[in-house]
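Below is one structure; the comments refer to it alone.
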Amino acid sequence: MNETQKLISFCKEQVIAGRNITIKNASLLFNLDNFFLTHLSDAANEITRQFHGSKIDLEQLANIKKNYCSEDCSFCSQSAFFDTGIDKYELMSPEEVVKEATKAKQTGADSYCLVAAWKEPSNDDFTKVCNIIKEVNDKVGISIECSLGFLTTEQAITLKQLGVIRYNHNLETSKSKFPDICTTHTYQDRVDTLNIAKNAGLELCTGGIIGMGETKKQREELIFEIASFQPEEVTINLLVPIPGTPLEIQKPIKIEEIIRVFATLRFLLPKSIIKISGGREVNLVDDGQKLLLSGANGIISSGYLTMNGNSPEKDIKMLKKINLEV
C-alpha cells in the first residue's frame, strides 16, 4: 500500500470512528491522481453504507410557480434576463399541489420540495404558500421541504411552525466564482438566508451546480463552503446548458471530476444526505449508479424545475440493480 492509499484508508477510518478529517487531508483526497479515484470512491461508499446502510433518499420537486425571475443567474431558464422559451404559470392552487404530492408519496418519494421562481416571496405569496403547506400536511402526510428564495427571520420561523423540515437554498458555486454567475444579488445574500433558516430551527439543504466553467480549485472551494454549514442535505447539480442562457455552449465536465466532488463531500459530511440532482440523466451514462457507490445516497426523481427526469419506477429499478433501496 503506497502513501496515497494509506491516506485514503486513514481518513476513512477516522470518519467511521466519528472523527473529523483535517482540511489539509480533505484537500489531498480531492486532488489525488486519477489512478487512485477507485480507491477514493470505494472508501466513500464504505462510509456511506456505514452511516446510511443501503437506503437511498428519493425526493420529488414541485415547481409551484414557474415564471420569469428577477435574478440574472446565468444557468437558469427561468431568469427574465434570457429568452429560453419556457412555459410559465402563476402559483399553483393547494388542490393541485396536494394531488401531485399524493402521487409522489404513492410512487415512493420520501420528501416533497416546494420550489418557487422568484427572488423572495411577497407577503401575499408567502401566505398562499403557507396555505399549500397546511393542505399537504393535512391531506398527504409527506415530509415537506421548501425552496422559496430569500427569507426573513419571521418567514423562516413560520415555516418551522408549519412543520417544514428542511429549507433548500443553494450556494450555487464558490464565492470566488459567484460574480461570474450572478450580478443581481451576492454570495453573502445566499449565506445570510442559510443562516436565517438554520437559526429558525430548520434543517438545511444546500449545494450548487458544477460544470459552469469553474476551475477545479473553485469546485474544491465550494465543497468546503458547503461543509462549513454542516447541512443535513447536500444537493449537487450537473449543469445542463439551456439554450438562450449565457452557459448554453458550456461543455460537460468529466466523470472523474464529478466523482471527486461527491466522494470528498462524503468524507466531510458522513451523516448528511448527499443528493445527485439536476442533470443526472443528461450528464451521466448510468443515471448515477457510479456516484451512488461513490458517496451519494439520494436522487431526485420525476423531473426538475423545467426539465423532465426519470420516472420513479425506472429509478427504483436502477437502485435495485446496484443492491440499493428506497
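Summary table below
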read-out	value
Mean separation of Cα contacts under 8 Å, 6 or more apart, over the residue count of region 205-273: relative contact order %	43 percent
Inter-part distance where region 168-204 and region 213-238 are each reduced to a Cα centre, Å	12 Å
Length gained when the stretch residue 325-residue 122 is fully extended (0.36 nm per residue, less Cα-Cα span)	69.1 nm
For residue 183, residues with placed amide H under 5 Å, excluding near neighbours	72
Backbone HN-Hα couplings from phi across region 176-186 [Karplus 6.51/-1.76/1.60, Hz, Gly and Pro as x]	6, 8, 3, x, 6, 9, 8, 10, 8, 8, 10
Under-5 Å amide H pairs with residue 69, H placed in peptide plane, nonlocal only	79, 80
Distance in nm between pseudo-label sites at residue 80 and residue 1 (7 Å out along the Cβ direction from Cα)	5.8 nm
Extension gain from residue 139 to residue 285, taking 0.36 nm per residue of separation minus the Cα-Cα distance	48.8 nm
Label-point separation in nm, residue 55 to residue 256, each point 7 Å along Cα→Cβ	3.6 nm
Region 3-321: relative contact order as a whole-number percent, Cα under 8 Å and 6+ apart	22 percent
Cβ-placed point charges (K, R +1; D, E -1), dipole of the chain about Cα centre in debye, nearest 20	840 debye
Potential extension, residue 10-residue 95 segment - 0.36 nm per residue separation minus Cα distance	25.3 nm
Structure-derived Cα extents along the principal axes in Å - corresponding label in [x] 61, 39, 37; [y] 74, 43, 39; [z] 67, 44, 31	[x]
Neighbour cut-off at most 16 other Cβ (10 Å), DSSP loop, trypsin sites (Lys or Arg not before Pro), region 204-301	254, 271
Low-density loop positions, GluC sites (Glu not before Pro), region 1-79 - DSSP coil, at most 16 other Cβ in 10 Å	none
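Each value in this text was obtained by applying a stated rule to the coordinates, not by laboratory testing. Just so we're clear, the structure is a prediction, and the values are computed from it rather than from any experiment. With ideal geometry, Cβ positions are generated from the backbone for all residues, glycine too; neighbour counts draw on all protein chains shown.
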